[in-house]
Amino acid sequence: MFVDGHCETDLAACRAVEIAVPTRGQIRDIGPGVSHKAQIVQLYLWGLQFTEIELRTRYSESAIKRYLADFRQIAALYARGASVPEIRAASGRSASLISEYIALYERARREFPSAPRLADLLEVARRGSKKGDPR
């Protein structure tokens with residue numbers, strides 16, 4: 001798109017000067033969904049093994065472990081009473097991902113009170129863990 005003779009690629013700048021730039025999500029009425037990261041963590045919390053998660057999602061074991069480590073950090077901070085801005089500063093993750101992980105954490109606590117995998121992840125967070133260790 002050209003604005004005042006310049007190629008404008010920043011969607012926010014276009015909207016700031018009231019230039020409508022419809023996105024794919026608006027055109028197809030696709031609302032914000034749950035990220036693939038939260039879906040992968042949820043599969044793990046439900047008890048699926050890494051190989052099953054890899055087959056379903058086509059993500060590598062190292063990526064899955066990274067998402068679990070992020071979830072563990074965010075859930076542990078949240079469980080200690082940290083706010084989203086505090087968690088964001090400590091984790092470097094987006095507010096939307098943090099919100100998804102908090103919702104997933106709360107859902108796991110409600111629906112699976114004994115949730116062994118959630119308890120295991122949080123126990124590792126309390127003890128400290130080796131980088132990349134999901135358990």
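The values are calculated or read from the model by the stated rules, or taken from the named source; none is laboratory data. In this text, all values refer to a predicted model and were calculated from it rather than measured experimentally. All Cβ positions, glycine included, derive from the backbone under ideal geometry; neighbour counts span all protein chains shown.
So in segment 109-118, with the set limited to residues that are surrounded by 13 or more Cβ atoms within 10 Å (Cβ to Cβ) and more than 18 Å from Lys65 (Cβ to Cβ), which one is modelled with the lowest pLDDT? Reasoning before the result, please.
First, pick out the residues of segment 109-118 that are surrounded by 13 or more Cβ atoms within 10 Å (Cβ to Cβ): 109, 112, 115, 117-118.
Restricting the remaining residues to those that are more than 18 Å from Lys65 (Cβ to Cβ) gives 109, 112, 115.
Details: Arg109: 83, Phe112: 69, Ala115: 64.
Across segment 109-118, the extreme among qualifying residues is Ala115.
Could you list, in sequence order, the residues of segment 39-71 that are touching a residue at least 60 places away in the same chain (Cβ under 8 Å), under 12 Å from the mean Cα position of the chain (by Cα) and closer than 15 Å to Arg117 by Cα? If the condition is that a residue be touching a residue at least 60 places away in the same chain (Cβ under 8 Å), under 12 Å from the mean Cα position of the chain (by Cα) and closer than 15 Å to Arg117 by Cα, then Val41, Gln42, Ile64, Leu68, Ala69 are the ones that fit.
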